[in-house]
1. Assign unit charges at the C-beta atoms only (+1 for Lys and Arg, -1 for Asp and Glu), then state the dipole size of segment A:117-197 relative to its Cα centre in Debye, rounded to the nearest 20.
2. Restricting attention to segment B:9-111, which GluC sites (Glu not before Pro) occupy a DSSP loop and are surrounded by at most 11 other Cβ atoms within 10 Å?
3. Mind giving me the FRET efficiency for A:Ala282 and A:Ala221? R0 is 25 Å, r the Cβ-Cβ distance, nearest 0.05 is fine.
4. Which length gain, in nm to one decimal place, applies between B:Gln15 and B:Ser115 when the Cα-Cα distance is subtracted from 0.36 nm times their residue separation?
5. How well do other chains shield peptide B:199-210, expressed as the mean number of their Cβ atoms within 10 Å of each residue Cβ?
6. Could you tell me whether segment B:68-308 comes out rounded, prolate or oblate from its Cα gyration tensor? Rule is a ≥ b ≥ c as square roots of the eigenvalues, rounded for a/c under 1.5, then prolate if a/b exceeds b/c, otherwise oblate.
7. Modelled label-to-label distance, A:Glu166 and A:Gln339, 7 Å Cα→beta-carbon offset: nm?
8. For the protein assembly as shown, what is the percent of antiparallel DSSP beta bridges, rounded to the nearest 5?
Amino acid sequence: MVDITLDGLTRSFGGMTAVNNISETFPEGSVTCLLGPSGCGKTTLMRMIAGLETPSRGRILFGGRDVTALTPRQRNVAMVFQYPVMYRTLTVEENIALPLGRDRGLSAADRQRRVEEVLDVLQLRKLRRGRMAELDIGTRQRVAVGRSIARRCDVILFDEPTTNVEVHAKLELIRAFKQFRQQLRQTIIYVTHDQTEAMTLADQIALMQAGVISQCAPPRALYEKPDSEFGGWFLGNPGMNFISGRVVGTGMQFDILPEPISMPDAGADIRLGIRPERIRVALPGTPGTLPARIERRFITIGGQYLLTLRIGATVLRARVDGALGRILGNEAGIDCPMQHLAFFRNGTVMARPPSP
Amino acid sequence: MRLASKASSPPRRRQSFTEFLGRREVMPFLLLVPVLIFFIIWNTIPTLWLLGLSFYRFSLTSGRPPIFAGFYNFDSILNDSAVWLGLSRTFLFVILAVGIETVLGLLLGLLFWGSQKLPGRRVALTLLFTPMVLTPVASGTFWRLIYDPTFGILGSIFRGLGLPSLNFLGDAHLAFGAVLLVDIWMWTPFMVLMTLAALASVPKAELEAAEIDQLSWWQRLRLVILYHGKFILMLGILLRTIDAFKTMDLIYDMTFGGPGSTTEVIAITLYRRAFEDFTMGWSSALAVILLLISIAFTATFIFVLHSRDRKQASLAEEGA
């Protein structure tokens, strides 16, 4: 097992910098999801780790060993691509066994044992003699995953493996992923733009934006305590509410709070953030709440209501359960608990939460 | 009832001539007419003429009119050991030329493809393609001079090295090989081109995966490159086969089929019998036989292409 260290890693294509001076360590045996919108550089970053892309600057270290100049072949990594890559003239079993043939230290019996294990974990036993051309895309991707885990490389890379797979096959892949994770603790980098997938699979999420990792933290921490407005906005559906305030004396007044908060370095560039599900919504007139107007409401898949609320000039979204959502009219009372507030200055979280 | 239907239909107007030409049923045929005329004059009529002539005994030098002879010419050809020898020589030529060109083309193609960042690659590629764009007669003359034992550059190199000067085109043991070499020189670039086209059809991700999966050179070639590129390569091989079977001018220009008949491929036999001996009936019959052989090659070629279509169709169904 190895950890992966990136040291000032940069990749430019002409005038465009896809990955900009990233320094980060992904601990050994962990799953790191590179999460971010399209074009944020996550795939480029992963391709550099694989050796398929040459960095313009910086180094990549596997367990302290500098691999920057090595070819993918020499790095001994496995990778699952966005489209299932397979050797079409071979059977499922032969596909999984193919890279094992290169491992000279492996006896034929060991090789067979590994293939059997993989066939079990990925539930491919029945299809072992099947030709790749006969399989649907989800099963093909499972075979590709099988081929990458059978080798037991130190590092496995996943490049959006579920993007082109239909939803049931996707769940099946995720189940298989979790199962083999329990057995083999390899260092895994998983590129995705699907936040649910990242939240489910990752030990830590490296949130990427415009070629840099804006925050790298465990999923819960990243969700609860985003470093930046981008993190708050990108994660969650809908993302965090951001509310501007007014400077009042030595503090700031926000529409959603009953009284001003004292803030020695108050300024118009400060915004307050709160997740929609953290806003306490109650019937209008409930003590300890502020009156708000309900402008729109949607029922979500889970039967919850998503409300668009207005207090003064501030518009914000809140999530309430179905029972309350059904009885609310055009008015509601809301309360934004202090412990769930985050404050951002120019898009970056402020180090110490201001006292009320 | 009848009256009502008559009243509801619009009054029939006479169609103008240009309207008639523009109709969906007419226009496509109209567009085909020039090609069809050309095809009929230059292809269909001569072929039918040839077919007709092959059933006659007819020699231009005899001064006698053609005499209908049924299958006499075909019978004579099938019992002519020179024809069989010429055909087997031609097949040997085709197998060796196309085989060597394919292997060399594949290797050179892989070399060029793998050296995309090397400077001078484009120049080298352009130079490599030069032989292919020269006319066979020019190449033939050019190589005849190279091979010339007295004035040729090969001869002088041999002499410079203190080796006996060889008469490549005049020696019965060397001439076939020497001619074969020129064909290989001329047409290997074509197979390089086909290899490069085949390589371009290989998905990049699969090549990257092969690299990451640490496949050997041979596994990569067999499982990835040939899997995706085989149809284009097959197309190249078939085109070359049909073309090599017809080779005449290149060889005729260098050796006239000699010495003896060691380089006399079947197309040269045909040319000689037709335009040196003027046995038109017999030559027509031989031409018909060669045409049938060419059609067999073409049919194979079309079958291979269609099998790809069928495969793609079944894949498309699968995808849906």
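Where a number appears in this text, it was derived from the coordinates with a stated rule and is not lab data. Because the structure is predicted, anything quoted here is derived from the model rather than measured. Neighbour counts run over all protein chains shown; Cβ positions are idealised from the backbone, glycine included.
1. The calculated dipole for segment A:117-197 is roughly 500 debye.
2. Details: sites: B:Glu19, B:Glu25, B:Glu101; in loops: B:Glu25.
Within segment B:9-111, the qualifying GluC sites (Glu not before Pro) (loop, at most 11 other Cβ atoms within 10 Å) are B:Glu25.
3. Efficiency, from the Cβ-Cβ distance: 0.30.
4. Values: separation 100, 0.36 × 100 = 36.00 nm, distance 6.47 nm.
Result: 29.5 nm gained on full extension.
5. 4
6. Oblate, because a/c is 1.5 or more while a/b does not exceed b/c.
7. 4.6
8. Numbers: 59 of 77 bridges.
Roughly 75 percent of the DSSP beta bridges within the protein assembly as shown come out antiparallel.
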